[in-house]
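Read the figures in this text as sums done on the coordinates, not as results from a lab. Model, not experiment: these values are computed from the prediction. Heads up, the Cβs are rebuilt from the backbone with ideal geometry, glycines too, and the neighbour counts pull from every protein chain shown.
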Amino acid sequence: MVNMLNRLSPIALSLLRIVAGFLFVQHGLAKLFGWFGSQVVPTFSLFWFAGLLETIAGPLILIGWFTQPVALVLAGEMLAAYLIAHQPAGPWPIRNGGVVALLFGFVFLHLASTGGGSISLDSLRGRSTFLENWLKRLSPATLATLRIGAAFLFFQYGARKIFGWFGGRVVGFGSPTWIAGMMEALGAPLLALGLFTRPLAFLLSGEMATAFWTSHFPRGPGFLPIQNGGEPAVLFCFIYIYLVTTGPGWLSLDRILFKKSSGR
């Protein structure tokens, strides 16, 4: 089973890349053209240049062309966006509106080290550049960053539902929202530790898919996650699908306790 999942990892990585590129370009189009119910940002402002970068680079991520250098630039942009636009509003991403920026940042950082996966135009280019080969050495560290970073953000959603933390409200005991909150509050620490990563990620990916279709999609005003607030759910879902196939990687309890089945 583990060997089969490992073989699926390059495909799952490509799916994560495609979804991230599809979602990301919409932010650029929203800034430059006011699409998806947004307002056009002032021309030549900092946000305009960010929108231009997102509109150009998003499709490159989507098709997997020079994925590593493009993703490296975008990881830097997302870090800058978080520090400039979100962090001043408070330390917790769930409260300062920075969850999506950080999720994109974690995904792009990992893509910068791994490349675009098996379904990408990069796979047709042949030999990698010196920079791409050097970045690939960092993939164990960026995988750990992706897993731990996603868990850190995910826990905040559960804690808000179960304990009322981060400006949330305690939900009714035994309700579907309470069950989701328990999965998030209990699952996130285990994921951060890298314990039972594959089955846990499988369970949480299903929860996020359910959350999108039952909570965000009916909310509208459109199908696109940028319109219905479902971007975190979609990104979490595909990050977890990827973790199902790739395993926890370096810096995980699974790697220590179950060396033969822990993945990379």
**Item:** Per residue, the convex hull volume that the Cα atoms of the stretch 1-149 enclose (Å³)
**Value:** 130 Å³
**Message:** Could you compute how fast the stretch 95-193 diffuses translationally, taking Rh as the Kirkwood radius over C-alpha pairs and applying Stokes-Einstein at 25 °C with viscosity 0.890 mPa s? Give it in µm² per second.
**Reply:** 158 µm²/s
**Prompt:** Dividing the convex hull volume of the Cα atoms of the chain by its residue count, what figure in Å³ per residue is obtained?
**Reply:** 131 Å³
**Item:** For the stretch 117-126, 3J(HN,Hα) per residue [Karplus equation, 6.51 cos²θ - 1.76 cosθ + 1.60, θ = phi - 60°, Hz, x = Gly/Pro]
**Value:** x, 7, 9, 7, 5, 4, 5, 9, 7, x
**Item:** Environment charge at GLY116 (Cβ cut-off 11 Å; Lys +1, Arg +1, Asp -1, Glu -1)
**Value:** 0
**Request:** Evaluate the distance, in nm, between pseudo-label points positioned 7 Å from the Cα of MET182 and of PHE217 along their respective Cα→Cβ axes.
**Result:** 2.6 nm
**Request:** Provide the net charge surrounding PHE22, with neighbours chosen by a C-beta distance below 13 Å and charges set as Lys +1, Arg +1, Asp -1, Glu -1.
**Result:** -1
**Message:** Rounded to two decimals, what is the ratio between the C-alpha radius of gyration of the stretch 130-180 and 2.2 N^0.38 Å?
**Reply:** 1.78
**Request:** Return the aspartates and glutamates within reach of LYS136: Cα separation strictly under 15 angstrom, same-chain partners fewer than 8 residues apart disregarded; answer none if there are no such residues.
**Result:** ASP122
**Request:** For the stretch 37-43, just list the computed ³J(HN,Hα) in residue order, Karplus coefficients 6.51, -1.76 and 1.60, θ = phi - 60°, integers in Hz, with x standing in for Gly and Pro.
**Result:** x, 9, 9, 5, 7, x, 4
**Prompt:** Given only helices, namely DSSP H runs of n ≥ 4 each adding -39500 (n - 2.57), what is the per-residue ellipticity at 222 nm of the chain, to the nearest 500 deg cm²/dmol?
**Reply:** -21500 deg cm²/dmol
**Request:** Count charges around GLY167 for me, please; just the other residues with Cβ under 10 Å from its Cβ, Lys/Arg as +1, Asp/Glu as -1.
**Result:** +3
**Asked** So what is the diffusion coefficient of the stretch 29-113 in µm² per second by Stokes-Einstein at 25 °C and 0.890 mPa s, using a Kirkwood Rh over Cα pairs?
**Response** 183 µm²/s
